[in-house]
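A short reminder: the numbers here are calculations on the coordinates, not readings from a lab. All of these numbers come straight from a predicted model, not from anything done at the bench. Heads up, the Cβs are rebuilt from the backbone with ideal geometry, glycines too, and the neighbour counts pull from every protein chain shown.
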């Protein structure tokens, strides 16, 4: 749902992208550094109960995630490898965030079902991205759904932020929402690809 704001956000990221290009930084370097920092922040904050601090720090890193892509566009450095690297490391970042949440739940005595539900939310998020990539490889489009990556990150980071500020059910609520929305999104994308395949068969 937040994907509609992507174009406007690229404009916000243009000044830092231009600055980094002038400094001679390669877009792929920014991709790697951003991912490594997010993984480190996720595992050094959330499992230790530093929820709002981690949410804010990861939020900044997530918001700057589009800098590398804007650098590639502005600097004429777009490449298939760059797109592949960015998409792959996005999955790593997502896994780090949700794994950190699972560790936090386990350390704080949450229900095993809640820990498992966080794992399911992680799996659905990864499958959502996989379905899109696999569909595009087969010549279909699968960018529909109520919970794209940006939506998922906003939900979990907001949940962690509120939990850290004293709302005890916020993190658990965010995980439940992600699990449900992720499952629905996978279904929506599968249905979209099936509909396109049926049209091709009829033609």
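Remarks
- Estimated FRET transfer efficiency when R0 is 30 angstrom, pair residue 134-residue 167 (beta carbons, to 0.05): 0.20
- Proxy reagent accessibility, fewest Cβ within 10 Å first, across 105, 84: 84, 105
- Mean residue ellipticity (222 nm) of the chain, computed from DSSP H runs ≥ 4 via -39,500 (n - 2.57), nearest 500: -27000 deg cm²/dmol
- For the chain, average projected area of the Cα convex hull in nm²: 12.1 nm²
- Take every Cα pair under 8 Å whose residues are at least 6 apart in sequence, average their separation, divide by the length of the chain, and the relative contact order is 25 percent.
- Label zone at residue 33 (point 7 Å along Cα-to-Cβ), backbone N below 15 Å, the stretch 69-92: 69-72
- Distance from the C-alpha centroid of the stretch 31-89 to that of the stretch 108-132: 20 Å, rounded to the whole angstrom.
- Extension gain, residue 126 to residue 52: 0.36 nm times the residue separation minus the Cα-Cα distance gives 24.2 nm.
- The label point for residue 201 and the one for residue 176, both projected 7 Å from the Cα toward the Cβ, are 3.9 nm apart.
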